[in-house]
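Below is one structure, written out as structure tokens; comments come after it.
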Amino acid sequence: MGMFTFLTALMAAALVTPAAPAAPADLKDADAVLGYIAAHPADVALVTQGIRHNASRLTPVASTVKIVHLAAYVDAVRRKKADPAEPVPVARWNAYHVPGTDGGAHDRALKRLHPGADVTLDQLVSAMIEESDNSAADLLRDRLGPEALRRIAGTPVGTINGEILRAFAGCKLPADACLRDYVRAGEPVQPALPAFARQAAWADTVTRVKPGVLQRLLGELRKDKTASRHLEWPMRQPGMDPEKVLIGTKGGSLPGVVSEAMYVVPAGGEPRETVLALRRLPEGTWYSAMRSYAHQQFIVRMATDPAFYAKVRAALK
């Protein structure tokens, strides 16, 4: 695995799931991902330079949707509508957290930041990208306004925890109202989560955006100093060498869904921005992806191995 070890923290499951069964299709490496893509083209979106497979189809992308939140933040900062140093009360951030649904992302973010009473808005954004904290994303969405995200994405972008509360915590209201009432109440609720099949059916219906839009945004964010600082946080991890390859990325997963938006800049090479989304993955196949993170290897290999890229392109013609 080598350089890919650092990527395993980038994609936390949004929901807790049962123990993994035997995998019917093992996504153990980049070649296995290619084989799966070739066999299931209708359940794959892949957008990169020279490939636009299902680029314009609304697709579930789990936490990779936070690329839209980041782009809206960068736009607000640029237009002086938001200040990176703006204080955000930690108590308010905590109020957005739905325990047991984010793979521990919120707790890891708090541990890394060691906040006092407040964090800065920019630190909140870092928690959204680095730990993939859903509560940070939802609070940022409220701070910027849902219309700011809709304008960036070209389609409405819902609240993540509101959808979870609506699906699994008994809330009968629209997702935005579910989260609004939850935050106002200030009483943490841990939903009782159903089996994988029901979670996967739900995951296929939420956080849907056009992969082509995400890939375009990724290219714009790569060139922005604020955004790239957040997306390239893995390069600050031990063992990463920017002289060999530069990586900026945001991944996501929900039961049955695996996605990644990543740019790769090889030393002396051209940047490649790629969005990959796999949906309707069988339970065992999804678990194998969560163990191997082979889809991340797949993206890096496409950007650094012309022969492999040619095989991918041929498989989707």
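Read-outs: derived from the displayed coordinates by stated rules, not from any lab. Being a predicted model, the structure only gives us computed values, none of them experimental. Note that each Cβ is placed from the backbone with ideal geometry, even for glycine, and that neighbours are counted across all protein chains shown.
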(Q) Along each principal axis of its Cα atoms, how long is region 145-191 end to end? Whole angstroms, biggest number first, please. (A) 32, 19, 15
(Q) Explain nothing, just the number: relative contact order of region 68-194, from Cα pairs under 8 Å at least 6 residues apart, as a whole percent. (A) 29 percent
Q | Relative contact order for the chain, counting Cα pairs under 8 Å that sit 6 or more residues apart, in percent | A | 31 percent
(Q) Just to confirm the filter: which trypsin sites (Lys or Arg not before Pro) across region 217-279 are DSSP coil and have at most 13 other Cβ within 10 angstrom of their Cβ? (A) Lys223, Lys244
Q. Based on the Kirkwood radius over alpha-carbon pairs, what value in µm²/s does the Stokes-Einstein equation return for the translational diffusion coefficient of region 68-194 at 4 °C and 1.567 mPa s?
A. 88 µm²/s
Q: May I ask for the Rg/Rh ratio of region 31-139, computed from Cα atoms with Rh as the Kirkwood radius, given to two decimals?
A: 1.09
(Q) Can you give the log10 of the normalised intensity I(q)/I(0) at q = 0.19, 0.23, 0.25 Å⁻¹, computed with Debye over equal Cα scatterers of region 228-317? (A) -0.96, -1.23, -1.31
Q. If you bin the C-alpha pair distances of the chain every 20 Å from 0, what whole percents do you get?
A. 35, 59, 6
Q) In deg cm²/dmol and to the nearest 500, what is the mean residue ellipticity at 222 nm of the chain if only DSSP H runs of at least 4 residues count, each as -39500 (n - 2.57), divided by the residue total? A) -13000 deg cm²/dmol
Q. Which net charge results when you count Lys and Arg as +1 and Asp and Glu as -1 among the other residues whose beta-carbon is under 11 Å from that of Gly154?
A. +4
